[in-house]
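The values are calculated or read from the model by the stated rules, or taken from the named source; none is laboratory data. Please read all numbers here as calculations on a predicted model, not as lab measurements. Don't worry about glycine lacking a Cβ; one is built from the backbone with ideal geometry, like all the others, and counts go over all protein chains shown.
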Amino acid sequence: MYDIQLFGRIEVRTRGIRLAGDDFGGDRPRQLLALLALHGEQSLVELSDRVDAPPAAVRADLRVLRERLDPDAHDSVLVGRHGRYRLDTERVRVDVATFDQLLAAARGRTPERAARPLTAATFLAARPLLEGEDTPWAAQLRAQYRAKLRTARPTATAA
């Protein structure tokens, strides 16, 4: 199982190995990992637009990322097919997905019943999303997730 952390600095933990910072092969491979973890399957063109790089460079960065994630495996957790890329969801756990599930679990509950999932979500999001990533899309996502957390408490108490 690959545990991908996007709250705080981007990090991957698997089989006793921890990847962070430059372990991904550079800024763009790390950012591509974050985009795939956040948005699911993306076309090469979509990824290229998001990171503002030509498709050939993005394809090369995805190869680097695949090698960094699975240096000895031919069956990578990063799946590419027909110009579309995704992470193998059966082998990946992403903290942001857990955060979203916790907020969904709290929604519509009484304050007492919402407290546990909201506390867990708050703990997960204790550090900013994509901390240290200085791109417009990362800043936009940080703001969205801060807003999700802020609005979760009133939603839970309104029940």
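Taking the criterion of being within 15 Å of the chain's Cα centre (by Cα) and loosely packed, with under 14 Cβ neighbours inside 10 Å, no residue of segment 50-62 qualifies.
State which residue is farthest from Arg142 (Cα to Cα) when the search covers only segment 68-99 and only residues that are surrounded by 16 or more Cβ atoms within 10 Å (Cβ to Cβ), charged (D, E, K, R) and at pLDDT 95 or above. By that ranking, first place goes to Arg86. Of all residues in segment 93-124, those being within 27 Å of Asp49 (Cβ to Cβ) and among the hydrophobic types (A, V, I, L, M, F, W, C) number 4.
Only one entry of Leu47, Leu65, Leu33, Leu102 meets the criterion of being surrounded by 20 or more Cβ atoms within 10 Å (Cβ to Cβ), free of Cβ contacts under 8 Å to residues at least 24 places away in the same chain and in a helix (DSSP H, G or I), and that entry is Leu102.
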